[in-house]
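The values are calculated or read from the model by the stated rules, or taken from the named source; none is laboratory data. The shown structure was predicted, so the numbers you read here are calculated from the model rather than taken from an experiment. Glycine also receives a Cβ, built like all others from the backbone with ideal geometry; neighbour counts cover every protein chain displayed.
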Amino acid sequence: MWWKILSVVLLIYVLLAGMLVPLKSGIQRAEPAYARTKQEIAVRFYGYNTMFSKAAASGIRTWLYYDETYALAASRCTALNDTILEAVFRMPANLPEGRQSAYLNAIIDHPAAGASLLPAAVELTQDSGIVAATLDSAWTARPVHQLHVQTGFSFPYQNVIYESIRNTYFHVPMWFVLLFLFGASVWYSLRYLRQPAPENDRRASAYAGTGLLFGVLGLLTGMIWANYTWGKPWSNDIKQLMTAVALLIYLAYFILRRSFDEYEKGARLAAVYNIFAFASLIPLLYIVPRMFASLHPGATGNPAFGSQDLDNTMRAVFYPAILGWTLLGLWLANLRIRYQRLFDKAMGLD
Amino acid sequence: MNWKSLIPLLHKEFLLEFRQRYALSGIVLYVFSMVFVVYIASIRVAPPVWNVLFWLILLFASINAVVKSFVQESGARQLYYYQLADPATLIFAKILYNSLLLLVLSVLAYGVYSLVAGNPVKDPGLFGLVLLLGSLGFSIAFTFIASIASKANNSATLMAILSFPVILPILLTLVRLSSVALRLIQDTAYTRDIWNLLAIDAILITLVFVLFPYIWKD
């Protein structure tokens, strides 16, 4: 009983925290994104969740960052409103390491909202003419230092993903629950083969059915995310295709169960197919997706979403989300088992 | 696994096939008809389409060739085999026999198909290896699924829906390897795909050995 309450409490927490906690401030783009050497240029930074006008005039500092030793500081920053910041840079005469052009990252440091970064914000190109041999001193005059860190409870800001980062607490746990439930289903199928008791079969089928439900939910939440970040809900990405096929396997399992006149025969052959199907999930989910290009994180060299993208705030919601959804899955499966048990008793099967 | 009874069991499969020649002829005719249907429906077959259609023809032909391997013998005779041989030997003999059957079928299909729709294969050695690996993979998966499906009333439908998701990784790898043999894609690391295929085969055959006794025992 206690774990049902725990699951509800955790999921309410996940819904509230996952939906209400704000994102950290970030920079969406810089305009203009091109500059030439020796030019004095006013770059406008368009922020997200920023509070540029809430800081004192001297409070916001902006850099164009080449690497740890070389960075250009803005001579003047003006907040036009809360989301637009105009920073004036005097571009140096030449570039580090004798380069002709380089992408510079933008760093904006806000005393309250912390520092935010936009990779490859401005491309700086060497103007034609004689290039001085010694590097312009502007690169090292005011290095990046004493960045503020935002201490409040907030989720990381990421370009392209933006607010949809909250889907991490719904889309990702679905696959954890699916694997737990399908694993439990295979476990009871194995037990059924060793000891053909109807209870084992009921459990195997209930776990598989609930796992299927979570698979469909995972596919749907994935489609919402794909619509937002990839441009359309279904792009025939290999990950989407293979997941759909994996779900087809379990639909076939349910058709197989119902194809026999004798209960015992159906249960036994379905148990065999369940084990076979679970084993063929491994090539479907781990071997095949590696053979094709995919947009999904974690496939074909894309960074896996998880290790470096989860910060501590996200972990504080993500781990309870996995536990909460798993307990909900077990609860749903339990209801199915109990219903089936009563049904079998009423029909005189058990 | 009993090696001594493997030879008689294999011999029995060949004998059965020889006595029911119409079944084998039916499958061969099926392949030929499909080749002609494909050709008539799409007169000019470009190499990428050639590749995909060839494997689809083989897929359907294989399902139809293997599905009979359990239904052709009556329940009483199955009971007789049950007393004579152990299940692992029996399924191994059937898989071996079906691999040979599918290999012959795919070579025949390749011959007729290239006669009618042209032969874009640039690396015959690799293509031959892909045909061999394909027959092996199809045979393992389909023989096992056929043994499950044969117990049900609607075995033809079940055969299709149970085997398609399971066969998909094998089929995708085969199509990819055969596009290398057709020089449709440049892939110097295609041996990795061959190993993938063998690994999938190894997983499947292990499962077949473990699970088949539970299917057979009625």
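General observations
- Among the residues of region A:14-31, those that are surrounded by fewer than 16 Cβ atoms within 10 Å (Cβ to Cβ) and in contact (Cβ under 8 Å) with a residue 60 or more places away in the chain comprise A:MET19, A:PRO22, A:GLN28, A:ARG29.
- Verdict on A:THR78 being touching an Asp or Glu at 6+ places or on another chain (Cβ under 9 Å) and modelled with pLDDT of 85 or more: yes
- Any chance B:LEU103 is buried (at least 17 other Cβ atoms within 10 Å of the Cβ) and without any contact (Cβ under 8 Å) to a residue 40 or more places away in the chain: yes
- Flag if B:ASN153 is within 14 Å of chain A (Cβ to nearest Cβ) and part of a helix (DSSP H, G or I): no
- Every residue from region A:168-207 that is touching a residue at least 60 places away in the same chain (Cβ under 8 Å) and touching a Gly at 6+ places or on another chain (Cβ under 6 Å): A:TYR169, A:MET174, A:VAL177, A:LEU181, A:PHE182
- Region B:146-169 - residue that is hydrophobic (A, V, I, L, M, F, W, C) and touching a residue at least 60 places away in the same chain (Cβ under 8 Å) and, of those, surrounded by the fewest Cβ atoms within 10 Å (Cβ to Cβ): B:ALA156
- For region B:188-204, a tally of residues being assigned to a helix (DSSP H, G or I) and either away from chain A (no Cβ under 11 Å) or small (Gly, Ala, Ser) (or both) returns 5.
- Entirely in region A:37-99, the strands (runs of 3 or more DSSP E) that have 2 or more residues that are without any contact (Cβ under 8 Å) to a residue 60 or more places away in the chain, under 32 Å from the mean Cα position of the chain (by Cα) and under 22 Å from A:ALA112 (Cα atoms): A:40-48, A:61-65, A:84-90
- Any chance A:PRO111 is modelled with pLDDT under 85, under 23 Å from A:THR313 (Cβ atoms), surrounded by fewer than 15 Cβ atoms within 10 Å (Cβ to Cβ) and in the same structural domain as A:TYR46 (by TED's automatic domain parsing): yes
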